[in-house]
Amino acid sequence: MKKVILAAVALAAFSTAANAQETLRIGTEGAYAPWNFVNDAGELAGFEIDLGNAICENTGMTCEFVQSEWDPIIPNLVAGNYDVIMAGMSITDERLETINFTQDYFPPDPSNYIAATGAGIDIESPSGLRIGVQGNTIQAGYAEENFAADNTIVSFATFDQSIADLAAGNVDVVLADGSSLDPVVANSGGALEMFGPDVMIGGGVGGGVRKEDTDLLATLDEALTALKADGTVDALIAEWFDGAGPFYTE
């Protein structure tokens, strides 16, 4: 009888775990084109939305996207509001203290500077500049460490806000992922330009998972390995990042 009861408990636990994985709740910001954004129809779109759907198709799960502001996106994951973060988040040692990451699905992306065309900013020896960054990003940490002594670091809640304030003249320069700045420059009508050296920070972009969710992490990594091998990841990167790559296939 005891064995029967134990077997029933084990089966129930297995069923609960299986059911819990039928839906993959993906936390994303929805404000960081082309990674993730809200399109004109009011729907989430972008590279990570398409990649998330490809992961769900590969694993047989149903995707449920949950929008979160950037600042609390990791605390919301830890609190159980979603299962994985897919939000253009770079893999860093600091973040690995709190959460785990999948393998990268976008290689290390150079960060770049953007300013008004012809501003003539000397970023090698900057002084008195107002430097805009999105808060709690690798660029924010880099700017604080390297520029705070002689400049003013202005932190924004979203990437779009930093670009809007640059256009309005409220900051002199913005530091952000080059992949997000490229379309901004292209669509500025010549008003903005990228300048200065590439800044290599972060270890590629991956999905953030709670420390205890080791089975889910393994499932996501297995799916990403397959989607890299069959060309899906590179095809989505090329689609959303102006023909970039390939990075994961020959």
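For Asn136, the conditions (1) at pLDDT 95 or above; (2) open to solvent by 30 Å² or more (accessible area, probe 1.4 Å); (3) within 13 Å of the chain's Cα centre (by Cα) are fulfilled apart from (1).
Counting only strands (runs of 3 or more DSSP E) that sit completely within the stretch 139-229, those holding 3 or more residues that are open to solvent by less than 50 Å² (accessible area, probe 1.4 Å), touching a residue at least 24 places away in the same chain (Cβ under 8 Å) and on the phi < 0 side of the Ramachandran plot correspond to 173-177, 192-199.
Restricting to the stretch 30-52, and then to whatever is of a type in the set (Asp, Glu) and within 23 Å of Ala226 (Cα to Cα), can you tell me which residue is least open to solvent (accessible area, probe 1.4 Å)? Among them, the one singled out is Glu48. In the set (1) within 30 Å of Thr214 (Cβ to Cβ); (2) hydroxyl-bearing (Ser, Thr, Tyr); (3) out of contact with any helix residue (DSSP H, G or I) (no Cβ under 8 Å at 6 or more places or on another chain), the condition left unmet by Ser127 is number (1).
Screening the stretch 61-70 for residues that are without any contact (Cβ under 8 Å) to a residue 60 or more places away in the chain and more than 13 Å from Leu220 (Cβ to Cβ) and picking the one that is most open to solvent (accessible area, probe 1.4 Å) gives Gln67.
On the stretch given as the stretch 153-194, residues that are more than 14 Å from Ala143 (Cβ to Cβ) and among the β-branched types (Val, Ile, Thr) total 4.
Asp242 - would you say it is open to solvent by 50 Å² or more (accessible area, probe 1.4 Å) and touching a helix residue (DSSP H, G or I) at 6+ places or on another chain (Cβ under 7 Å)? The answer is yes for Asp242.
Go through the stretch 108-119 and report how many residues are part of a loop (DSSP other than H, G, I, E, B) and either modelled with pLDDT of 95 or more or within 20 Å of Pro72 (Cα to Cα) (or both). Within the stretch 108-119, residues that are part of a loop (DSSP other than H, G, I, E, B) and either modelled with pLDDT of 95 or more or within 20 Å of Pro72 (Cα to Cα) (or both) number 3. Which of the residues that make up the stretch 123-138 are under 17 Å from Ile153 (Cβ atoms) and not hydroxyl-bearing (Ser, Thr, Tyr)? Residues satisfying the conditions are Ile123, Pro126, Gly128, Leu129, Arg130, Ile131, Gly132, Val133, Gln134, Gly135, Asn136, Ile138.
The values are calculated or read from the model by the stated rules, or taken from the named source; none is laboratory data. These numbers were taken from a predicted model, which means no experiment stands behind them. Every residue, glycine among them, receives a Cβ derived from its backbone with ideal geometry; neighbour counts consider all protein chains shown. For accessibility, only protein heavy atoms count, side chains too; no ligands or nucleic acids. Shrake-Rupley method; radii C 1.70, N 1.55, O 1.52, S 1.80 Å.
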